[in-house]
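Scroll down for the structure; my scribbles are underneath it.
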Amino acid sequence: MPPELSVVLAVVTAPFAVAGVTPLLIRSLGEKTGYAGAAVAAFCFALLGTQYGSEGTVELAWIPSLEVALRFYVDGWALLFALLASGIGALVFLYSPAYMHGESGLARYYAALLAFMGSIIGIALAADLIAIFLFWELTSLCSFVLIGFHTDDASSQYAARMAMLVTVGGGLFVLVGFLLLAFVAGDVVGPGTSAFDLAAMLNRPDEMQTALREAGLFVPVLGLLAVGAATKSAQVPLHFWLPNAMAAPTPVSAFLHSATMVKVGVYFVGRIRPLFASLEWVMLFATLGLATMTICALLAVAATDIKELLAYSTASHLGLMIAGFGFTSIVGAETGVFHLFNHALFKAALFLIAGIIAHETGTRRLDELGGLRHDLPVTAFLTAIVALSMGGIPPFSGFYSKELLFEATVEASHHHDLGPLDWLYPVVAVFGSIFTVLYSLRFLALFFGRQPDSLDHVHRPPVILLVSPAVLAALTAVVSIDPELAVRAIVQAGIDATAVDPGTHEMHVGLPTSYSPAVGMSAVAIGSGVLAYPFYDSIHRSIRSIPRTVPPIGANWWYDAIIERLTDDGAWLASRVHNGLLRTYATWTLTATCVLALAGFVATDAAIPTALAGLDVPIPAALVLSLAVVAGLAVVTADSHVAGILTLSILGFMIAIFYILASAPDLALTQLVVETLVLVIFLLVVEEIPEYYEVSLGRIARDAALSVLVGATAFITVLLTTDARPVGESAIARYYTEHAVPEGGGQNIVNVILVDFRSFDTLGELVVIAVAAISILTLIVMRARGDETRSDESSVAIEDAEGGSANEPRESHETRGESE
Amino acid sequence: MSAFVLAFVVGALFALGTFLLLRRDLIRVVWGLAIVSQAANVYLLAMGGIELGGFETVPILASHGEGVPETTDPVVQALVLTAIVIGFGMTAFALVLSYRVYEEHDTLDASELGDRE
């Protein structure tokens, strides 16, 4: 069944449309705008539901000349991701009004959250590389606004900037990767199909891979796209922005970490998996994913803040998904898709629960929390379901997808020759999982044990805050009890779309009934985790001590060092280039222009013509021009303003005579009028100004050198361009000459061009002159008027501030405003 | 045909104009602007080819009849004409701006003005 274009368009545009009118909604609904947002998300969810089971491409022409279209591809994988984004979006909107109660800037919050959801749905459904890139960067932009929601908080600003730099930077890698991909795809998808059509490429995965390899672009494109996916999905060593992003309000964190931003990279890796599946793919993504999974699980154990713990655990689970997709077997696809689904449910719930804890206890520090089950019994029950699912404890949902990962690591060597990685992959997977068990138990332990004395007044959360985590926990419970239900409903369709050879395998999950290597690995991981839990504090401390002794091991350290260096260098450069002195600006601009122009000539091997075929201008003209140059020299050496102005006029009049000699009577007439006017104006102005002489002559040599450079560039340019001029009359000149009389009714061709053929240009010219005239008038006349108002104001200021000193800065401020 | 004389003149005017642009005296900066725009106009006209003025070469037709003759390029002349007028506007504005700056700050020294920022 093909999807409906109208429905898909409505789903993608509705969040943006409502985001646009959010300020109006805030005015009428106030804090209840969150419920309107939930309605929009639910609307998108329902519309997406109508497309359930459909598959195919729909498109809307956008930039036909570049073959760029708003093209959407709907299949199981796209629907799974879009449904998660809108469904969890609805729950987050439902949770927001109670959580964000009393905060200011809600219009910005809801607008950004809606646009964010729309961009995620856009990425899920888009099938055009350009559209994917645009939505990709839109998510970065929206997350910047959301993470930096507390605009007056320095840590919030820092985190927002970091997320923006890392993810937008990664997006640029994706852009380059896309362009290279489109370059290769043009031949593969054939004429009639756009080279940007990802769906068309996915239809021919083998041909695409062969073409990429033949062009020698397979590894570069794979690498570029991997960098983009790694920045979005917080893979080591680009994971550091994610824990910092916890500066965002908790509902945003829940959305950001569960179903949206960070899953974009995973989603995209799953999407392009059939195109790139190969040994390189396994080496890259399986290694990257398992490294991230282990390192971030360790860092989660080292966390001191409940949101930090969850943030690192998100990165760790993203590593698990990436690793799953990294294995090219069908089990790999099952791991990636099923874990993405499970993780979205339990992690959104966990963040919302963390929000409740922070909201009701007033702290997020792990060591200040404990024994909360008495005060928050419902929350404790919900946490048990989702935290055990996160830890991969049977029979909770996370167990099934982690079991699949173990199976994929064991099976990897059946498909590719991996050398020592063959046994390293399973070992690392088990090692990382031990820490997953550890931190999951630690989170659950918030509700058990002794309640610290500092926590004496823990309020019951309002019911509305509990609805969203309860729904998510209930879904997790359903998946835990009957994983096959989820598989049949949506996961299988996602696997078919991401598998390398789709349709060959039906997925089955359930509690193991007999021994297999994966079961053994699960037993080791869970057993070790539970056994090690009593030593949690010492493990926690020893991991924390590592980055303190070796700072460069922390990714944050690198980020800070690079940013600091860039900031310093930028400030230094600005002080050199932008110092408020006209001559500095002129120097840099002119030097850069000359160097670029000359470099262009050198790069194109332009040869300076040497054939000197007599004089190129008539002798009278040459004489007049040399007089002009002499006049120019006199202007430069003039020691008074009057002398300079008169010699400048000689130069102008010489040029006018040159125009006469060069068959341009109209130019000569204009030039004569203009020169006369300029002379008069100059003399009028100079009369008001005392003679001014150069004070210092220190920079003469340097200025002369620059002038010679500019002159030489102009000399070479004129030589080269006049030499390259086509012989004879140009077609355009011929056209105007022939049509001047029949169409313009005039014999003076230049005049006909100006007032008939190109009269709009002349109108523009007149506007420029009029604007200049008005500006001059303003500058001269308004001065007098400015004086009047200023004297009024300063008299008031004097009364207020009893003295002239207060009036001094105001005056200089005002005059600057005027002269601008 | 290459244009050594024109190239030399344009290059020399550009160099002189640039030198003036770099002066500290704002009035001299305005002169520099004026000279550079004159040079650019000459260059533009040169691109259309220079021919000694005469009855045949001037882009003004003698009659309404058929068979128009080949004249010098009228297009560049139209462009230069526009450029002259715009250059006039710019020079006048820059000059009055300098005058105004002098009235406000009692100096025309660009370095001194820059330091006040």
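The values are calculated or read from the model by the stated rules, or taken from the named source; none is laboratory data. What you see is a predicted model, and the numbers here were worked out from it, not measured in a lab. A quick note on method: Cβ atoms are made from the backbone with ideal geometry, for glycine too, and the neighbour counts reach across all protein chains shown.
Worth a mention:
- Among (1) outside any helix (DSSP H, G or I); (2) within 13 Å of residue A:342 (Cα to Cα) - the single one residue A:418 does not satisfy: (2)
- Test for residue A:663: is it surrounded by 17 or more Cβ atoms within 10 Å (Cβ to Cβ), outside any helix (DSSP H, G or I) and facing chain B (nearest Cβ under 7 Å): yes
- Residues that are in a helix (DSSP H, G or I) and within 7 Å of chain B (Cβ to nearest Cβ), drawn from the range A:730-744: A:732, A:733, A:736, A:737, A:738, A:740, A:741
- Spans of helices (runs of 4 or more DSSP H) in the range A:473-541 with at least 1 residues over 29 Å from residue A:295 (Cβ atoms): A:483-486, A:492-498
- The range A:573-590: number of residues that are assigned to a helix (DSSP H, G or I) and loosely packed, with under 14 Cβ neighbours inside 10 Å: 7
- Every pair of residues 6+ apart whose Cβ atoms lie under 8 Å, when the first sits in the range B:11-23 and is at the interface with chain A (Cβ under 7 Å from one of its Cβ atoms) while the second is outside any helix (DSSP H, G or I): B:22/A:699; B:23/A:694
- Answer from A:455, A:531, A:446 - the residue that is more than 20 Å from residue A:320 (Cβ to Cβ), of a type in the set (A, V, I, L, M) and crowded, with 21+ Cβ neighbours inside 10 Å: A:446
- For residue B:49, the conditions (1) without any contact (Cβ under 8 Å) to a residue 24 or more places away in the chain; (2) at positive phi all hold with the exception of (1).
- Checked against the criterion of being among the small types (Gly, Ala, Ser), surrounded by 19 or more Cβ atoms within 10 Å (Cβ to Cβ) and over 38 Å from the mean Cα position of the chain (by Cα), the range A:491-512 contains not a single residue that satisfies it.
- Candidate set from the range A:591-628 (those that are in a loop (DSSP other than H, G, I, E, B) and of a type in the set (S, T, N, Q)); member that is modelled with the lowest pLDDT: A:610
- The one condition in (1) within 15 Å of residue B:74 (Cβ to Cβ); (2) at the interface with another protein chain (Cβ under 7 Å from one of its Cβ atoms) that residue A:719 fails to fulfil: (1)
- Within the range B:91-117, if we keep just the residues that are closer than 30 Å to residue B:43 by Cα and within 7 Å of chain A (Cβ to nearest Cβ), the residue that is surrounded by the fewest Cβ atoms within 10 Å (Cβ to Cβ) turns out to be B:97.
- Residues of the range A:35-75 classified as surrounded by fewer than 20 Cβ atoms within 10 Å (Cβ to Cβ), in contact with a Pro (Cβ under 9 Å, 6 or more places away or on another chain) and more than 30 Å from residue A:100 (Cβ to Cβ), total: 3
To keep it simple, each residue is scored yes or no on (1) among the hydroxyl-bearing types (Ser, Thr, Tyr); (2) assigned to a helix (DSSP H, G or I); (3) touching a residue at least 40 places away in the same chain (Cβ under 8 Å).
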| residue | (1), (2), (3) |
| --- | --- |
| A:309 | no, yes, yes |
| A:318 | no, yes, yes |
| A:347 | no, yes, yes |
| A:355 | no, yes, yes |
| A:358 | no, yes, yes |
| A:370 | no, no, yes |
| A:379 | yes, yes, yes |
| A:389 | yes, yes, yes |
| A:393 | no, no, yes |
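- The sole residue among A:358, A:303, A:344, A:315 that is surrounded by fewer than 20 Cβ atoms within 10 Å (Cβ to Cβ) and closer than 20 Å to residue A:250 by Cα is A:358.
- Looking at A:54, A:86, A:28, just one residue is touching a Cys at 6+ places or on another chain (Cβ under 6 Å) and not charged (D, E, K, R), and that residue is A:86.
- Which listed residue is at pLDDT 90 or above and closer than 17 Å to residue A:267 by Cα, from A:325, A:346: A:325
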